[in-house]
1. Part of a loop (DSSP other than H, G, I, E, B), modelled with pLDDT under 95 and over 15 Å from the mean Cα position of the chain (by Cα), is that true of C:G56?
2. Specify the residue that is nearest to the chain's Cα centre (by Cα); the eligible residues are those in segment A:173-196 that are closer than 20 Å to B:M159 by Cβ and loosely packed, with under 14 Cβ neighbours inside 10 Å.
3. Which residues, taken from segment A:46-67, are surrounded by 18 or more Cβ atoms within 10 Å (Cβ to Cβ) and over 27 Å from A:L252 (Cα atoms)?
4. Among the listed residues B:G54, B:G67, B:G61, B:G32, which satisfies the condition of being open to solvent by less than 10 Å² (accessible area, probe 1.4 Å) and of a type outside the set (A, V, I, L, M, F, W, C)?
5. Out of all the residues in segment A:239-260, which are buried (at least 18 other Cβ atoms within 10 Å of the Cβ) and either among the aromatic types (F, W, Y) or within 7 Å of another protein chain (Cβ to nearest Cβ) (or both)?
6. If I ask for residues that are more than 7 Å from every other protein chain (Cβ to nearest Cβ), farther than 16 Å from B:G112 by Cα and part of a helix (DSSP H, G or I), which ones from segment B:76-96 would you list?
7. Within segment A:122-148, work out how many residues are outside any helix (DSSP H, G or I) and in contact (Cβ under 8 Å) with a residue 60 or more places away in the chain.
8. Can you tell me which of B:F224, B:F231 is farther than 25 Å from C:V243 by Cβ, modelled with pLDDT of 90 or more and of a type in the set (F, W, Y)?
Amino acid sequence: MMDITIGQFFPGKSIMHKIDPRLKICLTIFSIVLLFMAQNFLSLAVAVAFIFIGMLISKVPVKLYLKSIRAVIFIVVFTSLLNVFYGTGEPIAQFWVFKVTVNGILNSVFISTRIISLILASSVLTFTTSPTQLTDAIERLLKPLTYIKVPVHEFAMIMTIALRFVPLLLEETDKIMQAQKARGADMESGGMVQRIKAMIPVLIPLFVSAFRRAYDLATAMESRCYHGGEGRTKMKILKMQKSDFFVILLVLILLVVFLLSNRIFPPVFMM
Amino acid sequence: MIETKGLSYRYSVGTPFEKEAVKEVSIQIQTGEFVGLIGHTGSGKSTLIQLLNGLIKPTSGQILLDGKDIWAEPKKIRDVRFKVGMVFQYPEYQLFEETVLKDIMFGPKNMGLSDEEAKKRAEEAAAFTGLKPELLEKSPFELSGGEKRRAAIAGVIAMDPEVLILDEPTAGLDPRGRDVLLTQIRSYHQQRGNTVLLVSHSMEDVARMADRILVMNKGEAQLFDETKKVFSQAKSLEKAGLRVPQITKIMQQLHEMGLTVDPATLTVDDAVRQLLPILQQGGMQK
Amino acid sequence: MAFIEVENVHFSYNPNEINVVEALDGVNLSIEQGEFVAILGHNGCGKSTMAQLFNGMLAPTAGKITISGVLTTDEEKQFEVRSAVGLVQQNPDNQMVAGIVEEDVAFGPENLGVPPLEIRQRVDEALKTVDMYAYRTHAPHKLSGGQKQRVAIAGIIAMEPKCIVLDEPTAMLDPRGRTEVMETIQKLNRENGITIILITHYMDEAVQAGRVVVMDSGHILKDGTPKEIFSDVPFLKKHDLDVPQVTELMYRLKGAGLPVADMPLETEEGLRMLAELIQ
């Protein structure tokens with residue numbers, strides 16, 4: 001319980017870690033868009049290759065990436081099974097009401113590659129960007145929305161505080177659970193209802209303490225002159241580096257290759 | 001009697017954070033003893049007390065309660081927690097019931113006692129901690145800081161444990177609250193005659209209360225002896241990052257200066273008793 | 001007029017109810033720039049209320065408080081008051097906003113709209129002052145209590161305050177953490193000339209101040225140097241306040257008729273006096 005880290009940031013000094021977080025968010029979105037625009041295996045391969053390059057230069061152990069795929073393996077298996085049976089064309093095998101077609105198999109390979117790549121792409125982002133950088137970058141990217149009265153700064157502040165207090169509250173939950181266990185609370189046995197009931201002695205103190213913390217924090221923030229985003233400066237300014245522009249250039253070339261490959265072959269995927 | 005044999009505990013085994021918090025601790029605490037447990041943060045004292053009441057399972061070694069290994073039947077570990085009561089640091093954070101009385105009854109009811117019996121126990125425990133009866137029907141969240149602390153301690157005392165472990169029961173209390181609470185704990189110990197283990201950062205408090213003192217350092221039991229003997233070893237204590245009470249330090253220095261005083265004096269009362277004859281005699285000689 | 005002026009201040013958390021409970025009951029106090037004042041008293045004596053009155057987080061029900069002549073209740077000068085008088089609270093965990101030490105220290109100056117480069121300088125300097133520069137990229141929840149509290153202090157220093165009010169900053173710390181924090185406070189007062197108002201119930205911390213103000217049930221009982229306060233053993237006993245063991249020893253010896261002229265507060269001083277008595 002104590003070792004849960006929020007986000008899955010893997011500290012490092014790779015090129016991937018150094019890219020401006022705003023650019024990284026855009027690249028992630030870009031690669032996801034490519035995955036969905038891909039119509040044939042060649043263009044899909046280009047998109048996947050793009051994500052693989054990102055993984056490679058992130059220098060994050062492959063084991064961690066595999067771990068992140070494991071979380072979605074059920075969805076992947078489920079959707080690919082569905083696709084196998086819902087293809088069009090001549091069945092190559094048939095049992096009961098299920099028909100397996102070549103088109104179905106291709107479809108299912110295509111869609112599972114898509115889902116897995118999607119997870120990998122977002123993992124590259126979360127592994128190489130610290131939660132603070134991420135929040136900061138999102139706040140800056142969404143800044144134009146403030147003109148249409150979206151409270152971007154407030155959302156970012158909520159995220160920052162959440163990231164700061166979640167580990168603390170987890171630790172506290174652990175402590176309260178220990179204390180109640182010492183008073184003979186039984187949290188490990190019994191049915192559903194009993195178990196939920198057994199959580200009350202943990203949840204109530206947790207809420208009380210969270211309110212106390214919130215009160216203290218509000219006092220601390222106010223006495224440190226917090227008054228919302230207006231007139232606020234930032235210590236760390238995000239500035240695009242030369243290397244960032246280099247990355248953008250590479251991405252543009254890739255986009256051209258992708259669009260070309262999308263045209264060369266007819267689409268495989270039809271549904 | 002509670003006894004440990006070669007007790008060890010490792011955190012986060014198999015990860016880079018692996019750490020041996022308690023190493024080969026073998027101690028015996030007799031029934032009815034008042035033991036002080038001291039050691040600076042990270043010395044392993046918190047882990048040790050959690051091992052003693054079965055909240056965590058040792059990596060190796062045993063804990064014997066009245067001669068029986070507490071982990072012999074893991075399913076009955078809850079019974080051990082009723083016999084070895086544990087008051088955590090800032091125990092007021094565990095209060096949750098609608099009324100103080102119900103909260104104190106939580107432990108006894110978990111033991112399977114009837115409502116009546118649990119209520120009787122709760123009222124007794126509240127009296128032991130000096131909680132006024134009219135507070136029992138209030139919500140625990142309406143109490144003052146010191147009262148909340150007492151209600152939480154009563155919640156453990158109500159289980160009538162054979163061994164009572166208190167982890168820094170006076171942390172954050174003002175001198176008034178601290179003195180009252182320590183007096184209550186002492187009279188509880190005298191009246192019930194059971195074993196008390198007091199963890200504290202305050203050498204003055206431990207010196208005043210404990211029969212014997214266990215000094216933890218880097219996960220090991222560095223010293224375990226009578227209070228006077230422990231505090232006469234100032235060097236060994238310093239090695240563990242601890243100090244002796246101010247009055248003990250003064251008497252040690254006077255002893256070194258050649259005065260016939262006890263270098264392990266623990267209280268001001270005792271110091272005055274020893275110094276008065278010496279000083280008055282000196283005065284008369286002049 | 002002194003740097004901080006507290007004039008006949010009353011405070012109540014429920015001023016509109018019939019049974020008004022006064023947390024402060026006509027307090028007068030003036031504090032000069034550069035002083036180190038300890039406010040000593042039991043929980044519920046009104047000392048924590050005082051803490052939040054100094055930087056205008058609470059407004060007095062009656063009376064007034066001024067910082068360099070500016071009223072703490074002046075809405076227009078709110079930020080001026082709050083950056084001049086920084087507040088450090090008891091629980092170090094609850095006063096940190098950001099998930100990285102240096103970003104938390106930057107929080108105050110960022111709110112004040114200080115230019116980025118200057119914030120960087122202030123943050124580095126503040127962290128060096130509290131000796132936490134090496135931990136600037138760490139996450140606060142992995143630090144010890146004493147380290148966290150020093151980061152909280154750095155967060156205040158980065159706002160370049162004239163005065164820091166600390167509300168029981170060591171109550172939740174272990175002895176090592178307490179020493180670290182007390183040394184930091186001493187240093188800020190001596191080397192940086194920052195006015196310190198330390199609210200505490202620890203006698204041994206109050207002894208380190210230049211001036212001690214003892215409070216009980218909403219008013220000031222006694223105001224003087226540590227020596228004046230702590231040598232008055234009957235007064236301390238009457239109000240259940242701690243007496244240093246060495247002071248108590250000498251007091252008892254004096255009571256038994258021995259010629260003790262002065263009351264010591266520290267071990268060495270006491271030993272010197274005992275040595276004289278023996279000869």
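The values are calculated or read from the model by the stated rules, or taken from the named source; none is laboratory data. All values derive from a computational prediction rather than experimental measurement. Every residue, glycine among them, receives a Cβ derived from its backbone with ideal geometry; neighbour counts consider all protein chains shown. SASA here: full protein model, heavy atoms, side chains in, ligands and nucleic acids out. Shrake-Rupley method; radii C 1.70, N 1.55, O 1.52, S 1.80 Å.
1. On the way: part of a loop (DSSP other than H, G, I, E, B): yes; modelled with pLDDT under 95: yes; over 15 Å from the mean Cα position of the chain (by Cα): yes.
Against the criterion (part of a loop (DSSP other than H, G, I, E, B), modelled with pLDDT under 95 and over 15 Å from the mean Cα position of the chain (by Cα)), C:G56 qualifies.
2. Initially, segment A:173-196 is screened for residues closer than 20 Å to B:M159 by Cβ, giving A:175-189.
If we keep only those that are loosely packed, with under 14 Cβ neighbours inside 10 Å too, we end up with A:186, A:188-189.
Details: A:D186: 36, A:E188: 32, A:S189: 34 Å.
Per the stated criteria, the residue is A:E188.
3. Within segment A:46-67, no residue meets the criteria.
4. Values: B:G67 fails: open to solvent by less than 10 Å² (accessible area, probe 1.4 Å); B:G61 fails: open to solvent by less than 10 Å² (accessible area, probe 1.4 Å); B:G32 fails: open to solvent by less than 10 Å² (accessible area, probe 1.4 Å).
Of the residues listed, the single one that is open to solvent by less than 10 Å² (accessible area, probe 1.4 Å) and of a type outside the set (A, V, I, L, M, F, W, C) is B:G54.
5. Result: A:F258, single match.
6. Listed by number, the list holds a single entry, B:E92.
7. Result for segment A:122-148: 2.
8. Numbers: B:F231 fails: farther than 25 Å from C:V243 by Cβ.
Of the residues listed, the single one that is farther than 25 Å from C:V243 by Cβ, modelled with pLDDT of 90 or more and of a type in the set (F, W, Y) is B:F224.
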